[in-house]
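The values are calculated or read from the model by the stated rules, or taken from the named source; none is laboratory data. Predicted model only: the values in this text are computed from it and were never measured. In this analysis, Cβ positions are derived from the backbone assuming ideal geometry, glycine residues included, and neighbour counts consider all displayed protein chains.
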Amino acid sequence: MVLVRLVRQLLALPFSILGTVAGFFSPALAAKLYYAAWLVGRAGQAGLTALAKFLHVEGQDAVRLRAMAMLTRHPSAAIAAFAAALASAAGDMAEAEGLVNLARELGGDPEGLTELVEHEIAASRTPDLRERWRLAEALADRRDLSPTVSKMVLSSLMWLELSQGAFDRARRRAEHILAVADDPQAEIVLETVHAQAGRAAEAARCAARAAAAPPANRLYWRALASHAAGLGQRSADALAELRDYDAALAERVEAQLAGMGDGR
Amino acid sequence: MTLADALVFIPVLIVALTLHEFAHAWTASLLGDDFARRQGRVSFWPGRHLSLLGTLAFFVLRFGWGKPVPVNLYNFKRPKRDYLLSSLAGPGANLLTIGVCFVLMLLTRWTYHFGPTGAVWMGLAHMMLRLLAVVSAILAVINILPVPPLDGSKIWPCLIPGLKPTLKPRTTWLFLGLLVFMLYTGNLAPIFHAAVKTITAVMPVSEGKRVDYLAKQARAAIAQAEKLLDDGHDAHAADVRARAEVLLSEGLAINPHDGEMRYLRAATRSNLGRHEEALGDIERAIEIRRDDPIYYQWRAHILDALDRPDEARRDRETARALYRVAAQDDAPVPRPPSRPATAPGRSSGRSGRGEEEHAENP
């Protein structure tokens, strides 16, 4: 059995190498090559990489269908967890829960996606922001999640802290995220916290560092963060500027902000 | 690399690699990041740390690599400091391995203190430890090079203020290609040679290794004396022989049971005119090895010099009989030296004995 697996992995190796090379110039080709590597080697990790690559070239729904098909062909915890994450992102919590259970049955996923989806399922069942905050903190306390999952959890926690008025905690969270890697979203939150505290120079420095992000994204985050921090005028300015770049997004943000109320 | 080399080298490489990768994972876990633990990397089982591609590369390119330990920097309290520590842990583990190897090498260097079987095992253990120390030194050195994806590339961004400890994957692959090219073309060889030279210069030497070294030096001195004699520099040749005798005496002080060195010292002492001492040595050599005709021939020569012709004749007869037995066994027939009085160096090695023929009365 071990020998068969080894032979399969050996045969899959060229596809993985070519997939890595192709990733530099063609995500679509890279996705197909990783998919071929998964077909030959049946390693869940290769399937996961293929799905992540497909996500760049296909719609989320198409990738979700693909993940389900892959699960039927060669079930693996990593793919089940990824499919669960996609289902959760699509708001289909029932299916996400089923897939999380399947991932657990198959032996746990190496990345920690199951924990993330479980958290999202639990969070979706409570409208109380404080309870969501508590759940997110509990997940953030876990030390065995992958960097991608950790980053998502920390970001989500940072936004919750900002919206709950825990500015100092939001600032520390953003600083922690930024201590690892550049992150315009964290820069915008940090900028907002500084602006809220009247530290204009620090806020300007954060804004300058966040300038590398696409303007629409930057303005979207600034509008949301400022609204959450109770900086209504700043949020309105960002929203007005966003209209120049992406009117449709600006409309969605406006609706979102209206749903959130008057901020702090 | 021969099969025998590979059988010794590969387990040592696997041990060094496993300790290196384990140290990364364990340190990360100690500092609060259990992502590597989740992936089963806090383990001494080599299978967890070997990369399929890296292992294949070893057989094709003559160098390989282990599976990189995944680290989640978000789990660290102080990402830069903790990432620095977990990155240093790999080369640090290699340095620690070298230290442990040195201590064990100090314990296993007494090659000849545990009898002939013990000497074989002690010699083998010492050799494996020596190789492990050398491989660990190479791993430590290569990994501190500031080239992605090596540990060194993770260390310097953690030390420079304002830099983030992460690099873009595209850059990593570019550097990886460059690194493979440099390894393949041997551009990094001087660095490895320097590491190996440094480590071997300070590592404990076993008795066996010391004896080998002394025997080699003594043979070289004997050969040099031969040449000097041929060129007519008799006085200088005597000095060189005296040096050879000192080297052989040092070797025999470590391992008095080395028949070959006894024989060489007997020949050297005889050539220096110290026949009584030479006789003692050659008799001990014969005690150690009774089937070597050349030992008897040398004793005959020494006995002649001591004016004991009857005993010398008996030794020559014994030597002749032993040559005949060797011939009947279809073994290559060793031939007696033509000039035992002047040339132990020529007859010191097994091949050297073939140069001289049927000169029973030097």
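Going by the structure shown, is A:Arg252 under 26 Å from A:Asp128 (Cα atoms), of a type in the set (D, E, K, R) and at pLDDT below 90? So A:Arg252 fits the description; yes.
Quick check on the stretch B:67-92: of everything there that is surrounded by 23 or more Cβ atoms within 10 Å (Cβ to Cβ) and more than 9 Å from every other protein chain (Cβ to nearest Cβ), which residue is nearest to B:Asp151 (Cα to Cα)? Within the stretch B:67-92, the match that is nearest to B:Asp151 (Cα to Cα) is B:Ser87.
Out of all the residues in the stretch A:219-234, is one or more free of Cβ contacts under 8 Å to residues at least 40 places away in the same chain, buried (at least 21 other Cβ atoms within 10 Å of the Cβ) and within 14 Å of chain B (Cβ to nearest Cβ)? No, every residue in the stretch A:219-234 fails to be free of Cβ contacts under 8 Å to residues at least 40 places away in the same chain, buried (at least 21 other Cβ atoms within 10 Å of the Cβ) and within 14 Å of chain B (Cβ to nearest Cβ). Each residue in the stretch B:253-300 was checked for being small (Gly, Ala, Ser) and surrounded by 21 or more Cβ atoms within 10 Å (Cβ to Cβ), and 6 of them qualify. Quick check: is even one residue across the stretch B:195-205 within 19 Å of B:Leu248 (Cβ to Cβ) and in contact with a Ser or Thr (Cβ under 6 Å, 6 or more places away or on another chain)? Checking the stretch B:195-205: not a single residue is within 19 Å of B:Leu248 (Cβ to Cβ) and in contact with a Ser or Thr (Cβ under 6 Å, 6 or more places away or on another chain).
Residues that are hydrophobic (A, V, I, L, M, F, W, C), more than 17 Å from A:Ala238 (Cβ to Cβ) and surrounded by fewer than 16 Cβ atoms within 10 Å (Cβ to Cβ): does the stretch A:173-191 have at least one?
no
Could you check the stretch B:140-254 for helices (runs of 4 or more DSSP H) lying wholly inside it with 3 or more residues that are over 20 Å from B:Ala266 (Cα atoms)?
Because the criterion is at least 3 residues that are over 20 Å from B:Ala266 (Cα atoms), the helices (runs of 4 or more DSSP H) in the stretch B:140-254 that meet it are B:151-159, B:169-185, B:189-202, B:207-230.
I'd like to verify a number: residues in the stretch A:192-207 that are over 27 Å from B:Lys154 (Cβ atoms) and either buried (at least 23 other Cβ atoms within 10 Å of the Cβ) or within 14 Å of chain B (Cβ to nearest Cβ) (or both), how many?
Within the stretch A:192-207, residues that are over 27 Å from B:Lys154 (Cβ atoms) and either buried (at least 23 other Cβ atoms within 10 Å of the Cβ) or within 14 Å of chain B (Cβ to nearest Cβ) (or both) number 2.
Pairs meeting the criteria (first residue in the stretch A:20-32 and without any contact (Cβ under 8 Å) to a residue 60 or more places away in the chain and facing chain B (nearest Cβ under 9 Å), second residue surrounded by 19 or more Cβ atoms within 10 Å (Cβ to Cβ) and aliphatic (A, V, I, L, M), beta carbons under 8 Å, at least 6 apart or on different chains) are A:Thr20/A:Ala30; A:Gly23/A:Ala30. Of all residues in the stretch B:28-53, those being within 35 Å of the chain's Cα centre (by Cα), within 11 Å of chain A (Cβ to nearest Cβ) and small (Gly, Ala, Ser) number 2.
Scan the stretch A:66-86 for residues that are more than 15 Å from A:Gln45 (Cα to Cα), among the small types (Gly, Ala, Ser) and touching a residue at least 24 places away in the same chain (Cβ under 8 Å) and the total you get is 2. For the residues B:Ala195, B:Ala218, B:Ala267, B:Ala235, the requirement of being farther than 25 Å from B:Arg130 by Cα and touching a residue at least 12 places away in the same chain (Cβ under 8 Å) singles out B:Ala267.
Here B:Ser249 meets the list (1) surrounded by 23 or more Cβ atoms within 10 Å (Cβ to Cβ); (2) among the polar types (S, T, N, Q); (3) closer than 25 Å to B:Ser206 by Cβ almost entirely, failing just condition (1).
For the stretch B:170-186, does any single residue satisfy the condition of being closer than 20 Å to B:Leu84 by Cα, out of contact with any Leu (no Cβ under 9 Å at 6 or more places or on another chain), hydrophobic (A, V, I, L, M, F, W, C) and within 14 Å of chain A (Cβ to nearest Cβ)? Scanning the stretch B:170-186 turns up no residue that is closer than 20 Å to B:Leu84 by Cα, out of contact with any Leu (no Cβ under 9 Å at 6 or more places or on another chain), hydrophobic (A, V, I, L, M, F, W, C) and within 14 Å of chain A (Cβ to nearest Cβ).
The single condition among (1) closer than 28 Å to B:Asp34 by Cα; (2) under 17 Å from the mean Cα position of the chain (by Cα) that A:Gly59 does not satisfy is (1). Across the stretch A:202-259, the number of residues qualifying as among the acidic types (Asp, Glu) and not in a helix (DSSP H, G or I) comes to 1.
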